[in-house]
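Let me begin by presenting the structure, written as structure tokens, before commenting on it.
The values are calculated or read from the model by the stated rules, or taken from the named source; none is laboratory data. Not measured: the values here are computed from a predicted model. Here the Cβ is made from the backbone with ideal geometry for all residues, glycine too, and neighbour counts use every protein chain on show. Ligands, DNA and RNA are excluded from the accessible area calculation, which covers all protein heavy atoms including side chains. Shrake-Rupley method; radii C 1.70, N 1.55, O 1.52, S 1.80 Å.
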Amino acid sequence: MLIGAGGMLATDLECVLRSAGHDVQVITEHDVDITDKAAVAGMPGGADVLINCAAYTNVDGAESAVDMAYKVNADGAGNLARWCFASKTRMLHISTDYVFDGAKREPYTENDAVCPLNVYGKSKLQGEALVRLSGCDHLIIRTQSLFGRNGKNFVRTIMDLMGKGIKPLKVVSDQVSCPTYTVHLATAISTLLDSRDQGILNISSSGSCSWFEFAREIAGLVRPDYGITPVQTSGFPRPAKRPAYSVLDKTLYKNMTGRFLPDWRSGLQEYLSEGYSI
Ligand SMILES: NC(=O)c1ccc[n+]([C@@H]2O[C@H](COP(=O)([O-])OP(=O)(O)OC[C@H]3O[C@@H](n4cnc5c(N)ncnc54)[C@H](OP(=O)(O)O)[C@@H]3O)[C@@H](O)[C@H]2O)c1
């Protein structure tokens, strides 16, 4: 059962799961609003696994839509977790690197102390807590900086700005993460459906880069002549604070599965090979 099925990760996940031969029941916000306790409680049982991709994901918007962010990311996740407990359904819940403050300068493990800087991160952290408290069989998957075929994402934004000829194209160079192609993440998630592991698991691409380096790589592949200008976060104010460094350590995932996800550059090349152009 795939919740939040209209979103960027979920649409690629649905394709990957179907190609792997799974029977997928898709639930969009139109079918069930996860903040509606009664609607969630009334969902039909029978699934082996529920994957929650539904979230309020507008990081800057969450700073002024605090109630909505908590309703969806915390209460909604809790409602689904209680349904999973009652129906004995395993829950895979998607969470975020934004539970960290970015003060550490080496990759964050699943056991590192959390300290979110913004409302989105705080609401997602509360969602994780409610999933754990529900007592359901669960795995919380923390991921980061997604770009996928069906959704607003950084790659599309940079390509749109280049298409409009915006110059100088300024991108922050002091926020480092692991841009992750949703198809790679979805493939990883699909291999975990049968796992019995509990708790938190980091999954994102290999390697790391700043948003500036990521933009430069995008430009290099689609418009090599287009210059990208590095700027500091302080010169690019936004409503939500973001961690300066949020690279996730994937050692646990490697130990569980014997592999890492491909490098972020491979993800980008694969994404662009789908035929996106400016
Ligand atoms: N995008 C990233 O860079 C990133 C990074 C780290 C972690 N994550 C996590 O990864 C997961 C998937 O993210 P995404 O980027 O694919 O998000 P997305 O494209 O914004 O999709 C989220 C989905 O949730 C649905 N939704 C929102 N409120 C809902 C509600 N009350 N009831 C039911 N469904 C609701 C949305 O439906 P509507 O569109 O109809 O509102 C949308 O289809 C989320 O848990 C997110 O926190 C994302």
*Working only within region 4-20, note down all residues that are in contact with a Ser or Thr (Cβ under 7 Å, 6 or more places away or on another chain), closer than 18 Å to S95 by Cα and outside any loop (DSSP other than H, G, I, E, B).*
M8, L9, D12
*asked:* Among the residues in region 169-184, are any more than 15 Å from F147 (Cα to Cα), more than 17 Å from the chain's Cα centre (by Cα), assigned to a loop (DSSP other than H, G, I, E, B) and β-branched (V, I, T)?
replied: no
*Residue by residue through region 221-278, note down the ones that are over 17 Å from the mean Cα position of the chain (by Cα) and part of a strand (DSSP E or B).*
I228, T229, P230, V231
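Quick grid of which residues meet (1) open to solvent by 20 Å² or more (accessible area, probe 1.4 Å); (2) within 9 Å of the ligand (Cβ to nearest atom); (3) out of contact with any strand residue (DSSP E or B) (no Cβ under 7 Å at 6 or more places or on another chain):
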position	(1), (2), (3)
Y120	yes, yes, yes
L125	yes, no, yes
L130	yes, no, yes
C136	no, no, no
M159	no, no, yes
K164	yes, no, yes
Q175	no, no, no
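Looking at R238, R196, R259, R242, which one is among the basic types (K, R) and either surrounded by 15 or more Cβ atoms within 10 Å (Cβ to Cβ) or touching a Ser or Thr at 6+ places or on another chain (Cβ under 7 Å) (or both)? I'd like the intermediate steps shown before the answer.
Details: R238 fails: either surrounded by 15 or more Cβ atoms within 10 Å (Cβ to Cβ) or touching a Ser or Thr at 6+ places or on another chain (Cβ under 7 Å) (or both); R196 fails: either surrounded by 15 or more Cβ atoms within 10 Å (Cβ to Cβ) or touching a Ser or Thr at 6+ places or on another chain (Cβ under 7 Å) (or both); R259 fails: either surrounded by 15 or more Cβ atoms within 10 Å (Cβ to Cβ) or touching a Ser or Thr at 6+ places or on another chain (Cβ under 7 Å) (or both).
One residue alone meets the criteria, R242.
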*Any idea how many residues of region 42-71 are more than 21 Å from the chain's Cα centre (by Cα) and open to solvent by less than 20 Å² (accessible area, probe 1.4 Å)?*
1
*Could you run through region 45-100 and say how many residues are out of contact with any strand residue (DSSP E or B) (no Cβ under 6 Å at 6 or more places or on another chain), polar (S, T, N, Q) and away from the ligand (no atom under 12 Å from the Cβ)?*
2
*Output the residues belonging to region 80-94 that are closer than 18 Å to L139 by Cβ and either open to solvent by 10 Å² or more (accessible area, probe 1.4 Å) or within 17 Å of the chain's Cα centre (by Cα) (or both).*
R82, W83, F85, S87, K88, M91, L92, H93, I94
_Output for region 21-41, where each listed residue is more than 9 Å from the ligand (Cβ to nearest atom), open to solvent by 60 Å² or more (accessible area, probe 1.4 Å) and either in a loop (DSSP other than H, G, I, E, B) or closer than 22 Å to P179 by Cβ (or both)_ = G21, H22, D23, Q25
*Which one of these is farther than 24 Å from V119 by Cα, at pLDDT 95 or above and hydrophobic (A, V, I, L, M, F, W, C): A39, A55?*
A39
